[in-house]
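Below: one structure, written as structure tokens.
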Amino acid sequence: MNPETKRTSELDELLIDAEADDEVVQASHPLVSRPWLLLLSLILVALNLRPALSSVAPLLAEVSSSLGLSAAKAGLLTTLPVLCLGLFAPMAPILARRFGAERVVLGILLSLAAGIILRSSFGEVGLFAGSLIAGASIGIIGVLLPGIIKRDFARHAGAMTGVYTMALCLGAALAAGATVPLSHYFGDRWTIGLGFWILPALVAALFWLPQVGQKHGAHQVAYRVKGLLRDPLAWQVTLYMGLQSSLSYIVFGWLPSILIGRGLSATEAGLALSGSIIMQLFSSLAAPWLATRGKDQRLAIVVVMLFTLVGLFGCLYAPLDGLWGWAILLGLGQGGTFSLALTLIVLRSRDSHVAANLSSMAQGFGYTLASVGPFAVGLVHDWTGGWSAIGWIFAVIGVGAIIAGLGAGRALYVQVSSEKR
């Protein structure tokens with residue numbers, strides 16, 4: 001296989017299976033009787049992986065005022081789900097091996113629905129408890145769903161990568177743009193605006209139910225990857241994943257509040273966030289393809305991070321009459337940073353066993369690190385009473401991501417080995 005063909009093949013495997021270190025799973029042919037139903041149900045599930053995160057931000061000021069939350073507590077509210085993405089991600093393969101991935105996805109969809117209704121119906125305690133449950137649920141499904149896609153659509157993994165990413169972005173954009181109008185429609189009740197997103201979760205669970213009876217073969221042979229935590233390149237990939245994610249979740253959690261503080265209405269701020277997220281659809285598809293045309297990914301990483309930082313600073317400091325230009329630039333940058341983070345996991349791994357473990361490390365440690373950003377924004381806003389100072393947070397995280405990305409973007413492999421258990 002020539003290098004260009006190999007690179008294309010690697011890029012087609014961006015979706016890392018949580019059970020990919022199982023030899024039988026990779027060799028087996030799944031018995032999917034109705035692939036159209038599986039595709040539809042996968043899209044519906046993916047649509048639910050961001051609304052619980054992006055629906056809170058446009059209503060954060062109203063929620064804080066209603067419940068008497070300080071800016072620090074509001075920061076914790078935006079941080080808690082992101083922290084759970086990292087803390088609970090390692091549970092996904094354990095649960096999948098014990099109960100089967102399909103059953104786990106169904107159960108976790110129901111726990112996501114429970115978290116959404118809990119946070120919108122039971123005051124401050126319910127708000128935080130529900131956010132924790134929702135974040136944990138998304139963290140588990142977020143690891144399992146790409147693996148199911150890769151397993152059942154192995155010959156179309158590249159196309160399904162695009163479909164999966166688009167569904168994530170679409171779900172986030174819909175929630176960011178529609179939550180405030182829904183709240184206003186039902187009498188300015190933020191509880192209904194947040195609670196509405198239980199409906200798509202239940203619809204996804206209903207469509208997913210037929211997948212629970214599907215059989216995909218027994219798991220028999222597994223691999224152990226040694227030395228990953230001692231490998232500098234693996235940590236550079238993880239740091240890049242975590243730092244770019246930190247900026248993303250700052251945007252999810254705080255951008256509407258920043259824009260409201262600058263004079264926009266809650267509806268206008270939510271639409272700006274929604275529009276920015278929609279732009280991620282384009283760069284998330286284009287950036288990995290462009291990044292693999294050169295000898296390595298360092299230039300691409302610098303470009304998308306600069307787009308992200310310029311967009312952030314524009315939204316924070318530039319005149320509001322040019323806001324949509326900055327929001328578009330921000331979306332193009334962040335779509336590229338996220339998709340490149342996924343690309344690096346594959347390109348820095350010699351085989352799928354290493355890639356699966358590197359993915360777990362990057363998501364587990366990375367999302368835990370990412371949670372610091374939204375919390376820091378809340379603290380700084382609480383201390384200063386304004387938004388101007390958080391530009392320093394953007395700068396520190398962005399420069400850190402560029403430094404980590406320059407290391408992770410080199411055309412090297414992590415120096416670890418995989419062996420049968």
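Kindly establish whether Thr343 is among the hydroxyl-bearing types (Ser, Thr, Tyr), in contact with a Gly (Cβ under 9 Å, 6 or more places away or on another chain), touching a residue at least 24 places away in the same chain (Cβ under 8 Å) and closer than 22 Å to Pro93 by Cβ.
Taking the combined requirement at face value, the residue does not satisfy it.
Go through segment 272-289 residue by residue and tally those that are more than 18 Å from the chain's Cα centre (by Cα) and buried (at least 17 other Cβ atoms within 10 Å of the Cβ).
Counting residues in segment 272-289 that are more than 18 Å from the chain's Cα centre (by Cα) and buried (at least 17 other Cβ atoms within 10 Å of the Cβ) gives 1.
If a residue must be at pLDDT below 85 and either within 14 Å of the chain's Cα centre (by Cα) or β-branched (Val, Ile, Thr) (or both), how many such residues does segment 55-78 contain?
Residues flagged as at pLDDT below 85 and either within 14 Å of the chain's Cα centre (by Cα) or β-branched (Val, Ile, Thr) (or both) within segment 55-78 amount to 1.
Assess whether Pro288 counts as being touching a residue at least 12 places away in the same chain (Cβ under 8 Å), part of a helix (DSSP H, G or I) and closer than 22 Å to Val377 by Cα.
Here the answer is no, as Pro288 does not meet what is asked.
If you go through segment 293-314, how many residues are buried (at least 18 other Cβ atoms within 10 Å of the Cβ) and at pLDDT below 90?
Of the residues in segment 293-314, 0 are buried (at least 18 other Cβ atoms within 10 Å of the Cβ) and at pLDDT below 90.
For the condition of a type outside the set (Val, Ile, Thr), assigned to a loop (DSSP other than H, G, I, E, B) and over 25 Å from Gly385 (Cα atoms), what is the one hit in Ser121, Ser111?
Ser121 is the lone residue from the list that is of a type outside the set (Val, Ile, Thr), assigned to a loop (DSSP other than H, G, I, E, B) and over 25 Å from Gly385 (Cα atoms).
So, in segment 112-165, of the ones that are aromatic (Phe, Trp, Tyr) and modelled with pLDDT of 75 or more, which residue ends up surrounded by the fewest Cβ atoms within 10 Å (Cβ to Cβ)?
Top of the filtered list is Phe122.
Residue pairs, Cβ under 8 Å, 6 or more apart or interchain, first in segment 183-201 and touching a residue at least 12 places away in the same chain (Cβ under 8 Å), second crowded, with 20+ Cβ neighbours inside 10 Å and of a type in the set (D, E, K, R). List them.
If the second residue must be crowded, with 20+ Cβ neighbours inside 10 Å and of a type in the set (D, E, K, R), the pairs left are Leu194/Arg119.
Output the qualifying pairs, or none if there are none: Cβ atoms under 9 angstrom, residues six or more apart or on different chains, first residue in segment 86-98 and β-branched (Val, Ile, Thr), second residue assigned to a helix (DSSP H, G or I).
Filtered contacts from segment 86-98: no entries.
Please go through segment 62-110 and pick out each residue that is among the aromatic types (Phe, Trp, Tyr) and surrounded by fewer than 19 Cβ atoms within 10 Å (Cβ to Cβ).
Result: Phe99, single match.
Against the condition surrounded by fewer than 16 Cβ atoms within 10 Å (Cβ to Cβ), at pLDDT 90 or above and part of a helix (DSSP H, G or I), how does Leu199 come out, does it pass?
Taking the combined requirement at face value, the residue satisfies it.
Yes/no per residue for (1) within 18 Å of Arg50 (Cα to Cα); (2) at pLDDT 90 or above; (3) of a type outside the set (D, E, K, R):
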residue: Phe186; (1), (2), (3): no, no, yes
residue: Ile192; (1), (2), (3): yes, yes, yes
residue: Val221; (1), (2), (3): no, no, yes
residue: Lys226; (1), (2), (3): no, no, no
residue: Leu239; (1), (2), (3): no, yes, yes
residue: Ser245; (1), (2), (3): yes, yes, yes
residue: Ser248; (1), (2), (3): yes, yes, yes
residue: Leu255; (1), (2), (3): yes, yes, yes
residue: Glu268; (1), (2), (3): no, yes, no
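Sort out for me the helices (runs of 4 or more DSSP H) sitting completely within segment 336-421 that have 1 or more residues that are at pLDDT 90 or above, over 20 Å from Tyr249 (Cα atoms) and more than 16 Å from the chain's Cα centre (by Cα).
372-384, 391-408
The values are calculated or read from the model by the stated rules, or taken from the named source; none is laboratory data. Being a predicted model, the structure only gives us computed values, none of them experimental. When we count neighbours, we look across all protein chains shown, and the Cβ atoms used for this are built from the backbone with ideal geometry, even at glycine.
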